[in-house]
Amino acid sequence: MSDHSASPLLQPYTLGDMSLPNRVVMCPLTRSRSSDDGVPPDFAADYYAQRATAGLIISEATNISSQARGYALTPGIWTGAQVESWQRVTRAVHNRGGHMFLQLWHTGRISHPDLQNGALPVAPSAIKPTGQAFTKDGLKDHVTPRALETDEIPAIVEDYRHAAQCAMDAGFDGVEIHSANNYLLEQFIRDSTNHRTDRYGGTIENRLRFPLEVVQAVTGVWGGGSRVGIRISPATTMPGETPLDSSVMETYGTYVDALSAAGLLYLHDIEGVTQLSRDPSGVDFLALRKRFSGAYIANNQYTRKLAEETLAAGKADMFSFGRPFIANPDLVDRMRSGAPLAEAPKEYWYGGGTVGYSDWPGMNGQIRIEP
Ligand SMILES: Cc1cc2nc3c(=O)[nH]c(=O)nc-3n(C[C@H](O)[C@H](O)[C@H](O)COP(=O)(O)O)c2cc1C
């Protein structure tokens, strides 16, 4: 083991008006342990609080409405019971001195009628994703979604507004708008998934209209952008084997300019194909970062060493770690001491109870959370 406690990655960092103990962010990680009603289990409070030494925790993707659902057993943030359960989580994280944002999610076409009370999933256009949806009865082939009518879109913006308010009521420190990984917002942005001819399709300005209406609704609830971040993934093709936008830098450059003008707190960028590769596929991530006036959180296959090198080069402000947080609740302490990292078998990623979830010990034994 070697001592890395002086690492700049592990020193305090000021994000907007929050003083954070380090620059390490826990990624949003879907773990599929909520009830059919989208209520997180009691032991989610243990799981998140065990990881509260991260500079910032971003919750697993959380459905803004019943229609938003695309995966079985994922949590929601639109009912009173969901808010109450999330309150237990935020209280436990705050009791350990942590900070936590909630990730606002609508899956769009990456869903299945089983998760839509038998109805078709909705999307900008009726284009079928490749692959399978995670339903209660196992994996099922995706279907061709239904294209949203123009006059249905304001109600979805309203769902985002309601969910953003519920996140505030649940005690989160802020919210992250999930505009990544080819879910509804990104389906509107890319010309590969948006073939609309109304004011939400065609030109870049039109394709960005719905995501920017969502940004406006969410920042309206949170009193501006100072507690609102956003996640993008211009180079990822997963899920759905979704082709990239045909003018990716022009489209995302215009988007980032507008996000910057909206005063958002941070841009959380998945550099490459989520989980799979850091191949930029023609995207100049540094150029996007330079167009954004808030903080830049870099993600995808980072190690402590790569994060330190990237920080030293001035190419990012914070770094998010996903898979490493699953089996290492005390990831920050392990980075500090150079302790080896545990690895979680994939069978624990999605579904189940506390096993492989809130029972991973820290390097000095089980991290007990006071109720
Ligand atoms: C089990 C699992 C669940 C994930 N769930 C989400 C999610 O809910 N929202 C999201 O934006 N990304 C999600 N991701 C992607 C991660 O946030 C992250 O971008 C990815 O794992 C790459 O980071 P890493 O190399 O540090 O793991 C998930 C990844 C994994 C492995």
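The values are calculated or read from the model by the stated rules, or taken from the named source; none is laboratory data. Nothing here was measured: the structure is a model prediction, and the numbers come from that model. Quick reminder, even Gly has a Cβ in these numbers, built from the backbone with ideal geometry, and neighbours come from all protein chains shown.
Brief remarks follow.
- The residues of the range 280-294 that are at pLDDT 95 or above and either small (Gly, Ala, Ser) or over 15 Å from MET249 (Cα atoms) (or both), listed by number, are ALA287, SER293, GLY294.
- Of residues in the range 198-244 being part of a helix (DSSP H, G or I) and acidic (Asp, Glu), the one farthest from ALA163 (Cα to Cα): GLU205
- Subset tally (residues that are β-branched (Val, Ile, Thr) and either farther than 11 Å from SER233 by Cβ or in contact with a strand residue (DSSP E or B) (Cβ under 7 Å, 6 or more places away or on another chain) (or both)) for the range 264-299: 2
- Pairing each residue of the range 222-233 that is basic (Lys, Arg) and more than 16 Å from the ligand (Cβ to nearest atom) with any residue that is at pLDDT 95 or above and not in a loop (DSSP other than H, G, I, E, B), provided the two are 6+ apart or on different chains, yields C-beta distances under 6 Å for ARG227/GLY174.
- If you go through the range 134-147 and pick out every residue that is closer than 25 Å to ILE230 by Cβ and in contact with a Gly (Cβ under 9 Å, 6 or more places away or on another chain), you end up with 2.
- Considered as a group, the residues in the range 218-236 that are under 16 Å from the mean Cα position of the chain (by Cα) and not small (Gly, Ala, Ser) include one that is nearest to HIS99 (Cα to Cα), and that residue is ARG227.
- Members of the range 123-154 found to be under 14 Å from ALA68 (Cα atoms), without any contact (Cβ under 8 Å) to a residue 60 or more places away in the chain and not charged (D, E, K, R), listed by number: PRO145, LEU148
- Across the range 287-324, the number of residues qualifying as among the aliphatic types (A, V, I, L, M) and surrounded by fewer than 16 Cβ atoms within 10 Å (Cβ to Cβ) comes to 4.
- Of all residues in the range 110-139 being closer than 26 Å to THR219 by Cβ and more than 15 Å from the ligand (Cβ to nearest atom), the one that is surrounded by the most Cβ atoms within 10 Å (Cβ to Cβ): PRO124
- Scope the range 303-348; condition assigned to a loop (DSSP other than H, G, I, E, B), more than 16 Å from the chain's Cα centre (by Cα) and within 11 Å of the ligand (Cβ to nearest atom); matching residues: THR303, ALA344
- Across the range 253-282, the number of residues qualifying as charged (D, E, K, R) and out of contact with any Phe, Trp or Tyr (no Cβ under 8 Å at 6 or more places or on another chain) comes to 3.
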